[in-house]
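Take a look at the structure below.
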Amino acid sequence: MEIRAITLSDSRAFLDLLLRLDNETKFMMFEPGERDSSEKLIENHLSNLSESIGAFIGAFEHEVCVGFISISRGCTNRAKHSAYVVMGVASSFTGKGIGKLLFAEGEAWAKKHNITRLELTVMTHNINALKLYEKMGFENEGLKKNSLLVDGNYVDEYYMGKIFEGGIAK
């Protein structure tokens with residue numbers, strides 16, 4: 001397993017993972033068929049991402065992208081210390097420690113860029129993700145009621161955060 005930054009040459013593999021996740025889980029944002037499946041769109045997004053603004057880090061198994069973490073830093077002076085995290089791992093690769101490896105690399109990027117707060121949202125019934133995030137030091141900071149509509153049902157999300165002080169997680 002190789003954990004590394006996703007590059008332009010990985011655009012097709014990354015898009016394939018995103019489309020796979022759209023179809024195999026209801027815990028991600030996009031429904032099947034909702035995502036623009038243009039490889040060019042992914043290429044543009046990757047090429048326009050400044051190293052100081054955010055990162056896409058992938059888990060690769062024989063050139064196939066099987067997981068990712070994205071970190072997007074706040075743009076304003078008041079929010080640039082904070083970054084929003086999105087993560088996904090293909091179902092056949094969950095439970096193998098890939099999430100921990102992705103978080104370790106993501107946190108290294110955050111510390112390098114003086115990020116002192118990471119935040120994310122997670123559906124309240126996504127028990128495996130909740131366990132991982134808690135294991136990685138995230139704390140539940142609140143409940144977003146009726147945050148999403150999945151299969152005609154409203155779903156609540158937890159808002160979670162992790163604080164770093166002096167480069168060390170609090």
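Give me the distance in nm between label points sitting 7 Å out from Cα along the Cα-to-Cβ direction at residue 28 and residue 149, one decimal.
The modelled label-to-label distance comes out at 2.2 nm.
Taking the Cα centre of the stretch 84-156 as the origin, how large is its charge dipole in debye, to the nearest 20, when only Lys and Arg (+1) and Asp and Glu (-1) carry charge on their Cβ atoms?
200
Calculate how many DSSP beta bridges within the stretch 1-132 are antiparallel, expressed in % of all such bridges and rounded to the nearest 5.
That works out to approximately 85 percent antiparallel.
Would you mind counting up the charge near residue 63? Only other residues with Cβ under 12 Å from its Cβ, with Lys and Arg at +1 and Asp and Glu at -1.
That sum, taken over residues with Cβ under 12 Å, equals -2.
Before I look further, what does the chain give for accessible area per residue, probe 1.4 Å, in whole square angstrom?
The answer is 56 Å² per residue.
What is the magnitude of the charge dipole of the chain about its Cα centre, with +1 placed on the Cβ of each Lys and Arg, -1 on the Cβ of each Asp and Glu, and no other charges, expressed in debye to the nearest 20?
About 640 debye.
Going toward the positive end of the dipole of the chain, with +1 on Lys and Arg Cβ and -1 on Asp and Glu Cβ, which of 30, 113, 45 do you reach last?
Comparing the listed Cα positions along the dipole, 113 ranks first.
Given a 10 angstrom Cα cut-off, can you work out which residue in 88, 152, 106 is the most mobile in a GNM of the chain?
152
For the chain, modelled as a GNM with alpha-carbon contacts under 10 angstrom, which of 92, 37, 82 fluctuates the most?
92
Once a ≥ b ≥ c are taken as the square roots of the eigenvalues of the Cα gyration tensor of the stretch 67-153, is the result rounded (a/c under 1.5), prolate (a/b larger than b/c) or oblate (a/b not larger than b/c)?
It comes out oblate by the Cα gyration axes.
When we measure straight from the Cα of residue 80, which lysines land under 19 angstrom away, once same-chain ones fewer than 8 places off are left out?
Those lysines meeting the cut-off are 111, 112, 162, 170.
In terms of the Cα gyration tensor, with a ≥ b ≥ c the square roots of its eigenvalues, is the stretch 1-152 rounded because a/c is under 1.5, prolate because a/b exceeds b/c, or oblate?
Rounded, because the longest to shortest axis ratio a/c is under 1.5.
Treating cross-link reach as a plain straight distance, find the aspartates and glutamates whose alpha-carbon is under 20 Å from the alpha-carbon of residue 135, omitting any fewer than eight places away in the same chain.
Filter leaves 105, 107, 119, 157, 165.
First compute the accessible area of the chain with a 1.4 Å probe, then give the percent of it belonging to carbon and sulfur atoms.
Carbon and sulfur together cover 52 percent of it.
Pick from 21, 130, 148: which is most flexible by mean-square fluctuation in a GNM of the chain where alpha carbon atoms under 10 Å apart are linked?
148
Less than 19 Å from a label point 7 Å out along the Cα-to-Cβ axis of residue 77: which backbone N atoms in the stretch 34-67 qualify, by residue?
Under cut-off, by backbone N: 53.
Once you list every other residue whose beta carbon is under 10 Å from the beta carbon of residue 11, what net charge do they have if Lys and Arg are +1 and Asp and Glu are -1?
-2
The values are calculated or read from the model by the stated rules, or taken from the named source; none is laboratory data. Model, not experiment: these values are computed from the prediction. Don't worry about glycine lacking a Cβ; one is built from the backbone with ideal geometry, like all the others, and counts go over all protein chains shown. Ligands, DNA and RNA are stripped out before the accessible areas are found, and what is left, the full protein with its side chains, is counted by its heavy atoms. Shrake-Rupley method; radii C 1.70, N 1.55, O 1.52, S 1.80 Å.
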